[in-house]
Every structure is written in C-alpha cells, then in structure tokens.
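*Asks:* Quick one: the structure is below, and I'll ask about it shortly.
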Amino acid sequence: MSTAKKDIRKESNSSQLAGLEFNSFGDLQSLMPDDNFGENWHVKFPNPDQVVISYDGIAIILLNSPIWSNDEALGTFQCKITDPKTCVAIVSHFEDYGSRRFKELDDSIQELCLPINGLQLKLTLQNLIKMQHLVMDSESKQEVVAEASQHVKYVLQISRELNGIRDTNKLLSLILRKAREVTNADAGSIYVVDRKDASDKDGEIVFKITQNETVSQALDEFRIPISENSIVGKAVILEEAINIEDLYRLEEQPEKNKYGAKHDKSWDQKIGYQCRSMLTLPMFDISHEVIGVIQLINKKKANRKNLKDIEDFSEAVLEFDQASVEYAEIVAQQAGIALENAMLTEERENLFDGFVHASVTAIEQRDPTTSGHSNRVAQLTVEMALLLDRMETGAYKHVKFNKNQLKEIEYASLLHDFGKLGVREQVLVKAKKLYPWEMELLLERFGHIRSRMQVEHLEETIRYYQDKKGFPPGFGPESFSKNFAKKLEEIDEFLEFILKSNEPTVLEQGGFERLKDIANLSFLDFNNVERPFLKNKELEALSVSRGSLTREEFAEIQSHVNHTYEFLRKIPWGRDLSNVPQIAAKHHEKLDGSGYPTSARETEIPIQTRIMTISDIYDALTASDRPYKKAVPVDKALDILNMEVKAGKLDKELFNIFTESRVYEFALASKKKKTY
C-alpha cells in the first residue's frame, strides 16, 4: 500500500457518503473518499493494517486486527495511546465483542465497528476529534487532569458498549444509564421519533423508558405529537440540545421564558419528587435526522447517590455545566448511530420473519392438505432445542444454542418444505392412485364397455330371430341374456376391484396379477379399434403397493429437498443464519445412510436437523388433515418412530428426550410466545 498522503479538501457531500459502505479494513484503505470529509483532513496509509487520519492537530490511528489482537504489535503504539494529540482506534466487527482479547483492550483505545457507511464514518471521526480536544483541554488545566482523563476513558468505553448491542430495548436502557452516569443525572427518559417515512415531517415522539435513582416509577409507553408544545418536541424540531438550569425558576407563562416551556409540577407533587435541572438532547441517525431524544433530570453533586429529602433538590442539584453537555452530546451521538444500527437489525429481522412466514403461506396455499405442518414442526423443533440447551446430563449436555442459532433452527424448520413450490401441484395434493380426471376417463371407458356389450347382446338376439337355424341347439335369447348378465357382473367386479385398488392403502396380495389380467383384456370401440380395459399408465398407478404415488411421482416429491436447498442457498442469510440451507435440506436423511437426497450418514447430519426429522415424521403421522391417510394415534406414531430408532435411522438419545419430556404435548398445545 502506498504511503502517499491524500488531502481531503472539500466539504461533506452526504449523498456520496451515504452511498459508501465499508465492510473491511481493506475498504477503508481503498474506498476512503478524497473529498467528503471537509477541509484540512489528511489521510495516509503507513502499512496495510494501519490508516492515519489527521485534522486540526489531532491524529486518529486506525488499526486492523493483526495489530490490535497481538500484544507485541499493539505495544508499539503504547506511547501514542497516552498522547493527548493522538487517538488510537481499533477496527472491529460486531462478532469481535465476545472475544477475550477484545475485552482486555485498554479503555483508552477507541473503536470503529464495521460494517459502517460513509456518514457513520464521518460522525464517528468527528466524535473522536471532539474527545481528543477534551483531553487536550484537560491537559491545560492540571487540577482536573485526572478527573477529565477518567471521563474521557469512560465515554470511550460507553461507545464500545453501545456498539455491542443489537437488541433495541436493551440498548435504550443502556444509553439512558450511560448518559446519566457520565453527567451524574439522578433521572432521565428516552423517546424515539416515529415517522411514517423520510418525507413525514410531522410524526410522533414515543416515550420508551425512564430511570430514576430516587423514586421508583413504572410508566406505560405513550405518544405525543412532534411540536414546540413540549421540550422534547422542541429539541426534535430545533435539532439541538436544550439545557434548562432550573425548571422551578421558569416563568409560569411559557412566552415569558426563553425556552417557551411550562413545567407542570403536579406529577412531581404526586410522586414526591422535583424535576429541577433538565438537559434534553436529540439523537441523530447517519443522515442527521433526529431518531430519538435523551432527557436527563437533576444533575447531582459528586458522591450523592440519591435525593432523599425535598431540601436535597435545592442543595444537591446542579445545572448541567458545559462539560456535562459535551460529554452527553458525545454519548447521544454514539447512541444515535448504535440505535439506528439496532433498529436496522430489528427491521432486517422483521423482514426475514415476514419473508419466511409469507413463504410458508405460499407453500400451504399450493398444498392446503398440509396446512399448519411447517409451523407445528418449527414449534416442536425449537422446543426440543430449548430442552437440549437446558440439559445437564446425557449425550447432549454440552449442546448449547444461542439466540441466533435458535432463530436459525426456527427458520430452517419453517422452510424445510419450501422446495415443494418446485413440485407439480397435482402431485402434491394427489389423494388417490389415479388423478380425478384419470378415474373419470376410466369410468367412462367402462361405461363404454358396458354399452358395447349391450349392443353386441342386442345384435346377437336380432340375428337369432332373423336366422334361428344358424345357431346351435340350446342357444337363444335366454342363454344370450344369461351370458350378457354374467359379462356385466364381471365388468362390475373388475370396476369394484379397480376402485378398491385406487385407495392409497396397501395393495392386497395377488392384486398386481389381477390388475394385469384386467389390463390384458380388450374391447372393440365403435370404430372397431381394439382398446385395452386398462392403459399402461393406469396399470402402473393402480399397482403402487402402498400410498398413492408412482415411482416417478415419489421421486418428484423427494426432489423438493433439492429445490429447498437450491432456493435457500441463494438467500444472503449472513453469518448468524448461514446454516439454514444445510439444516433444512437434510431433514429426510437417515443416520444409516438410507435417506435422501444424498444418503448422508450420522456424522454428516447436524444435530438441528436430527431434531427436525423426528418432529417432521411425528407431525406427518399424527396430522389429521391429510386426505390420503387417517391420522395415526400418538402411541402408534411413537411406536413407528421407535422402530426407526431401532433400525438405526433416527437418533436414539433425541427420541428418548422427545418421548420422556412429552414435548409433543405442551409444545403444540401452548403456542406460547418465543422467549429466546
């Protein structure tokens, strides 16, 4: 990598920055724009694992994992870490947060989390510059150096913690707690801005959470319009912090104070509390749109845990000074980015959920006979996985599933039959051995045979009366009628046997030979063309020994597993859900290699799939909505599964857990909300 310096000389261009996505350290080196960070910014690349960005006398050193994950390599930057004019920042991914090495890093080291887009990158760099200016300011005031240094380290640590959370509710709680800690605020609340879309300038502000060190209070979520009638609304509209020194000293009439606000003391009186100093800060997303609001109440004097008496609100509550505002603004800025990332993650999860359930609906609309099967299998499989996760004994006591893995199991189970979209609908819903239109043609043919026999009987009778001498003795209308009745009775027996053979039950012994005998019979149609009683395709279908599908149709049904895999592997599941295609595609494999489509054996079949296979077979046996078979009682279904276990096809340990826990009873009965 060249060490040539890049000069970034133009002011920010948000549209170009928004279009950039940095997914790796290499992207930082190759995509770092020349003209999108403003004047007096400089970028250089000392080596492939290092980027140095300079601005206003401060240098930001970005380090790739080969450096920060190595003590010796990172040690060369130790002097830089303590230099107030230098900020050392590691470049990491979300997955790094759980690593031991990551947790052991010096709190003075900042962090840049990938992936990140251009606007997020700019905001993060600006915050790093602001932080270093605070450090430099503290260096010039020797009496507050230690305190300021600790504050800076703490704010850096907050940024790292916020970036490590993707659960929105947990993140909001952490944001508020950290904002309160860094300003020593006794209480606070967080609001989220809710707009229909980017063009909606009205929208609403949604109250989410509150915290109070002195009094306990539980408030339900509520909404207020975005307007200047509230301090929170005004902070959203003005897009700036509002710092009120003392709400109790405000003029009663809003128009007479500079904030245009009126403090309603009735709530304070109700809970025995006083909201005195208040700092309201907007949180911005990467497009600099207000995404939420942090409202902090009552900055306390140092070492004050809570405000016990009414006098404390006058004596121990301070206004939020400039340093507190600056620290809070940095937290709010980082919180905005982290909150947007969490909300984007939540939107992505909701998108996946919607897509998966819409796909299940598509499957069931093509095959209504199996309606609910995918959801029941998913519920059973997830409940089994949760059981394994809690086990402390047995062969699977070491098996643990995290939240993402449970979601992976759920999606794979819901989509395990998605490949049926690639199977002809007539095959999917085939209830009997012959399709309805095939049986209709067969019945018409046998009706035609009866008619033809009747015509032949009448013609023979007419010929007799025209020339009785042409017939041997004993032959006449009476014998003709008996013979005709016998033929009709035989045709009825043939048809009765065909109708019986058409049912998807086990073909009786000798049934194939009798069907073949019927197929060998023929008749003359009205054009005197010889026709068989049964066509070859009908004979093949009726000769199926069990079920309703021919060999070719069964192979087509089996192909749904291949279709499932080919479809699912084209979806960018990401690292957290990358195993969905494999888990779903092997649910018809057996431990002894007798399954399909790849004849995979025990070591090749994931534990998640083995669980799903048991759930899938159980539900297929006990489901009452299949037109081609009756529901099997639970005891009988378990016996069938046990036979598969004894044959070495299903996992014995998992089957024992399945039966002993009776998970099939409570999992399908409760339909409780997922808790993972």
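*Asks:* For the range 479-552, which chymotrypsin sites (Phe, Trp or Tyr not before Pro) are in a loop by DSSP, counting at most 10 other Cβ atoms within 10 Å?
*Replies:* The qualifying sites are PHE526.
*Asks:* Local charge sum around GLU315 (other residues, Cβ-Cβ under 12 Å, Lys/Arg +1, Asp/Glu -1)?
*Replies:* Spelling it out: positives minus negatives among the neighbours equals +2.
*Asks:* Put +1 on the Cβ of each Lys and Arg and -1 on the Cβ of each Asp and Glu in the range 170-329; which of ASN212, GLN322, VAL290 then has its Cα farthest toward the positive end of the dipole?
*Replies:* The listed residue farthest towards the positive side: ASN212.
*Asks:* Which whole-number percent of Cα pairs in the chain have a distance greater than 38 Å?
*Replies:* 58
*Asks:* In deg cm²/dmol, rounded to 500, what helix-only [θ] at 222 nm does the chain give when every DSSP H run of at least 4 residues adds -39500 (n - 2.57) and the total is split over its residues?
*Replies:* Helix-only estimate at 222 nm: -15000 deg cm²/dmol.
*Asks:* Once each part is reduced to its C-alpha centroid, what is the distance from the range 426-474 to the range 180-235 in angstrom?
*Replies:* Centre-to-centre (Cα) distance: 84 Å.
*Asks:* Quote the relative contact order of the range 169-350 in percent (integer), defining contacts as alpha-carbon pairs under 8 Å separated by 6+ residues.
*Replies:* Numbers: 325 pairs, mean separation 44.9, N = 182.
After rounding, I find 25 percent.
*Asks:* For helix 634-646, report the angle its Cα long axis makes with the longest principal axis of the Cα atoms of the chain; keep it between 0 and 90° and round to the nearest 10°.
*Replies:* Taking the Cα atoms of the chain, the angle to 634-646 is about 90 degrees.
*Asks:* Quick check: the distance between the Cα centres of the range 331-396 and the range 481-542, to the nearest angstrom?
*Replies:* Comparing the Cα centres of the range 331-396 and the range 481-542, I get a distance of 52 Å.
*Asks:* Could I ask something else about it? Using a simple spin-label model with points 7 Å from Cα along the Cα→Cβ vector, what separation in nm is obtained for SER451 and GLN365?
*Replies:* Result: 4.1 nm between the two label points.
*Asks:* Taking a virtual spin label 7 Å from the Cα of ARG569 along the C-beta vector, which residues in the range 402-428 bring their backbone nitrogen under 15 Å of it?
*Replies:* Under cut-off, by backbone N: 419.
*Asks:* With bins 5 Å wide starting at 0, give me the P(r) of the range 169-350 over every alpha carbon pair, in whole percents.
*Replies:* 1, 8, 17, 22, 21, 16, 9, 4, 2, 0
*Asks:* Ranking request for peptides 122-129, 245-252: highest mean number of other beta-carbon atoms within 10 Å first, then the rest in descending order.
*Replies:* The peptides rank, most packed first, as 122-129, 245-252.
*Asks:* If Lys and Arg each add +1 and Asp and Glu each add -1, what is the summed charge of the other residues whose beta carbon sits under 15 Å from the beta carbon of ALA485?
*Replies:* -3
*Asks:* Please state the relative contact order of the chain as a whole percent: Cα pairs under 8 Å, 6+ residues apart?
*Replies:* 9
*Asks:* Excluding VAL293 itself, what net charge comes from residues whose Cβ is under 11 Å from its Cβ, given Lys and Arg +1 and Asp and Glu -1?
*Replies:* In short, +1.
*Asks:* Contour minus end-to-end for THR603 and LYS301, with contour as 0.36 nm per residue of separation and end-to-end as the Cα-Cα distance? Write down the numbers at each step before the final one.
*Replies:* Working: separation 302, 0.36 × 302 = 108.72 nm, distance 6.33 nm.
Value of the extension gain: 102.4 nm.
*Asks:* What is the distance, in nm, between label points placed 7 Å from the Cα along the Cα-to-Cβ direction at ASP321 and at TRP437?
*Replies:* So the two model labels end up 8.7 nm from each other.
*Asks:* At LYS468 and GLN509, where each label point lies 7 Å from the Cα along Cα→Cβ, what is the point-to-point distance in nanometres?
*Replies:* 5.3
*Asks:* Roughly speaking, what is the stretch gain from ASP106 to ASP27, that is 0.36 nm per residue apart minus the C-alpha to C-alpha distance, in nm to one decimal?
*Replies:* That works out to 25.9 nm of additional length.
*Asks:* Considering only DSSP states other than H, G, I, E and B, which trypsin sites (Lys or Arg not before Pro) in the range 329-437 qualify as loop sites with at most 16 other Cβ atoms within 10 Å?
*Replies:* Those that pass, being in a loop and sparsely packed, are LYS397, LYS400, ARG424.
*Asks:* Let me ask something additional. Starting from the range 564-643, pick out the trypsin sites (Lys or Arg not before Pro) whose DSSP state is loop and whose Cβ has at most 10 other Cβ atoms within 10 Å.
*Replies:* Those satisfying the criteria are LYS570, LYS630.
All of the numbers you see were taken from the coordinates with simple rules; none came from a lab. All figures in this text were calculated on a predicted structure; none of them were measured in a lab. So basically every Cβ, Gly included, is an ideal-geometry build from the backbone, and we count neighbours across all protein chains shown.
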